[in-house]
Amino acid sequence: MVMGHANTTDAATTDEYVVKAGDTLSAIAAAINTNADKLAVANQLANKNLIHVGQVLTVTKAPAKPAAPKTYTVKAGDTLSDIASSTGVSQSNLISFNNIQNPNLLIVGQVLKLTGTAASSTSAPAARTTTQAAQPQPRTATVSKTYSAPRTTPRATSYSSSATGSEAAAKAAIAQRESGGSYGARNGQYIGKYQLSNSYLHGDYSAANQERVADQYVASRYGSWSNALAHSNAYGWY
């Protein structure tokens, strides 16, 4: 900035500026808080995009804004709302910045702070909670449960098979193939001489019951032991 005939007034300051390489009118205007259009008018520039190195421009710098006051001294007749309106500081901030207990009571000459940190609100004390002891529960009578013994199927004590001749021979052949003729044979879920499951024997594994159930099973499924043996010979099971 080249200082020329500086005319200093309270409103603005007029200086001269010599254009340097790389300058633009908008950049110069921004540096002095004005705009390119006003700068072009002040210097009678026909084309604001065309300036030359070494060209002298008349620039008018706007006066710096005065700093905002940080305090306010209460005068006679002042109210807090009047002070808030004139200073641009809200009443709530004035009260907080100055810890004012009664907003309607101001004293002439009192100095109020216009800036500061709003006081944080004090949290209300936590409500006292009453802890009530758990009430003892009434003693309940213990009721004993009576369980009856599971009902079991009476064990068969004797049974005489009706299979004779070829039927008896077919029955014996199946028994030999299934268990080797043993009433105590087990193979997974299959039990006894004829390898029947418990769903047929119902827990009675006596020899008499095994014979009786085997006859009933074959009669209902195959009609005869001969037919059952034929099926066993063909498929390996009956």
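Values quoted throughout were computed directly from the atomic coordinates according to the rules given, and no laboratory measurement underlies them. Since this is a predicted model, take the numbers as computed values, not measurements. All Cβ positions, glycine included, derive from the backbone under ideal geometry; neighbour counts span all protein chains shown.
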Using r as the Cβ-Cβ distance of ILE100 and ALA67, and R0 as 25 Å, what FRET efficiency do you calculate, to the nearest 0.05?
0.55
Of the listed peptides 97-110, 27-40, 177-190, what is their order by residue-averaged count of other C-beta atoms within 10 Å, with the highest listed first?
27-40, 177-190, 97-110
What spacing in nm lies between the two simple spin-label points modelled at VAL111 and ALA234, each 7 Å away from Cα in the Cβ direction?
12.1
